[in-house]
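Input: a single structure, listed below in structure tokens.
The values are calculated or read from the model by the stated rules, or taken from the named source; none is laboratory data. For clarity, every value in this text was computed on a predicted model and none was experimentally measured. FYI the Cβ positions are ideal-geometry reconstructions off the backbone, even for glycines, and counts take in every protein chain you see. Side chains are part of the model used for accessible areas, which takes the heavy atoms of the whole protein and leaves out ligands, DNA and RNA. Shrake-Rupley method; radii C 1.70, N 1.55, O 1.52, S 1.80 Å.
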Amino acid sequence: MKRTKTRYYVVASIAVVLAAVVFLLAPPRVAAMQPLPLTATSIALNPDDPNQQQVGRLRYMGGLVIKSTNDGFGGLSGLRAGPDNRLLAVSDTGNWVTFTTIERDGRLVGVSDGNITPILDGAGMPPADKEAGDAEALEWDPATGDAIVSFEQDHRLQFYRGIDPAKPDTLMQAATQVRRDPATAKWPDNAGGEALARLASGTLALLSEDAMDNYDRHDLLLITGNTTRRLGYVSPKGTRPTDAILLSGPDTILVVNRSYSPLGGVTAVLEILDIGALAKLPDSGVAGSAQKPVARLAKPLTVDNMEGIALRREGGRTFVYLVSDDNFNPMQRTILLKFELLPE
């Protein structure tokens with residue numbers, strides 16, 4: 001009895017200590033709109049070889065490690081670009097984050113004008129806790145201001161109108177619609193809708209990080225109005241999708257995939273997925289020609305937990321921005337990278 005009781009108290013004590021550590025490390029909730037002070041330090045694509053300026057089809061256009069004295073900053077998991085170098089992001093603690101990139105001769109050199117504010121639900125309330133605020137992906141149309149945020153744990157999409165990161169007050173609005181799709185009901189709590197892209201037709205493509213079908217493919221939901229169609233996506237070996245964006249019409253998207261191993265660290269793999277071609281394959285088929293590799297970022301290249309992607313087009317050129325989720329972990333960083341997507 002004494003041994004059993006002692007073991008119980010040891011286990012209980014460890015549990016209390018771990019709970020205290022989690023509590024201390026948990027990022028504070030952002031209660032209202034706040035200016036977000038930001039500092040940025042430039043980084044090379046390859047710290048071991050500063051002359052390297054290309055990986056795969058991506059030409060390096062600058063990168064930054066971004067920090068803030070605001071403890072609510074971090075966890076960036078969805079990203080989109082708007083006019084005047086403005087970026088709109090969501091964090092997995094349930095916040096909108098906006099800032100402006102500073103660019104010289106096309107190269108990313110800094111950031112400014114940051115703001116952070118809670119993402120409000122349909123009742124105009126901020127997330128009650130981490131589970132309710134676990135935003136993982138963002139879609140946004142700068143022309144109309146229409147925005148959609150994908151959440152996991154409580155799997156759902158929240159819709160907004162008139163979002164403009166240049167006007168932070170537009171972020172302080174209730175969702176116009178909250179959609180919980182029956183197709184996501186059995187998705188793992190912490191592996192839900194990690195990637196969201198709006199196709200040219202308006203259909204939403206929602207990719208699960210870890211909801212798999214019988215052929216070991218990630219669930220890819222095509223949502224049109226009240227209709228949902230399920231396809232399967234085969235991510236590059238050992239990776240999981242973390243974000244996506246429409247690259248070219250009508251339904252070709254650029255997907256970011258991530259992997260992690262204790263020895264190899266974090267890897268980010270970008271590839272192009274032709275959803276139209278994928279939809280024509282048999283249910284048991286792999287994507288094959290529907291997928292084309294773009295680039296693989298791994299050590300010694302600068303890379304972290306890349307979870308957000310944005311595109312900006314200028315003069316016939318396409319620029320790609322990638323942002324990392326630091327998980328509010330002091331061993332990780334918020335990294336923003338800019339590339340030019342080169343022709344095949």
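With a threshold of 22 Å on the Cα-Cα distance, the over-threshold entries among K186/K280; K67/K338; K237/K292; K237/K338; K130/K167 are K186/K280; K237/K338; K130/K167. Put the Cα centre of the stretch 208-239 next to the Cα centre of the stretch 37-70 and the gap is 32 Å.
Rounded if a/c is under 1.5, else prolate if a/b is larger than b/c, else oblate: which is the chain, with a ≥ b ≥ c the root eigenvalues of its Cα gyration tensor?
It comes out rounded by the Cα gyration axes.
Straight-line reach from K299: taking Cα to Cα under 16 Å and skipping same-chain neighbours fewer than 8 places apart, the aspartates and glutamates in range are D48, D49.
Summarise the accessible area of the stretch 209-257 (1.4 Å probe, protein heavy atoms) by the percent that is carbon and sulfur. If you can, show how the numbers build up before the last one.
On the way: 950 of 2150 Å².
Heavy-atom surface of the stretch 209-257 belonging to carbon and sulfur, 1.4 Å probe: 44 percent.
Within the shell defined by Cβ-Cβ distances under 15 Å, the residues around G122 carry a net charge of +2, with Lys and Arg each +1 and Asp and Glu each -1.
Highest GNM mean-square fluctuation among T98, T302, T117, for the chain modelled with Cα contacts below 10 Å: T302.
Taking A298, A211, A143 in turn, the Gaussian network model of the chain (Cα-Cα springs below 10 Å) assigns the largest fluctuation to A143. Computed over protein heavy atoms with a 1.4 Å probe, the carbon and sulfur contribution to the accessible area of the stretch 83-181 reaches 47%.
Helix-only estimate, please: 222 nm mean residue ellipticity of the chain, summing -39500 (n - 2.57) across DSSP H runs of length 4 or more and dividing by its residues, to the nearest 500.
Numbers: 2 runs with 29 residues, N = 344.
So the helix-based figure for the chain works out to -2500 deg cm²/dmol.
Per residue, the chain exposes an accessible area of 47 Å² to a 1.4 Å probe, with every protein chain left in place. The distance between label points at A32 and D84 comes to 2.5 nm (points 7 Å beyond Cα on the Cα→Cβ vector). Of the residues T101, T184, T69, the one that moves most in a GNM of the chain with alpha-carbon contacts below 10 Å is T69.
Compared with the alpha-carbon gap, the fully stretched path from Q177 to N190 is longer by 2.4 nm at 0.36 nm per residue.
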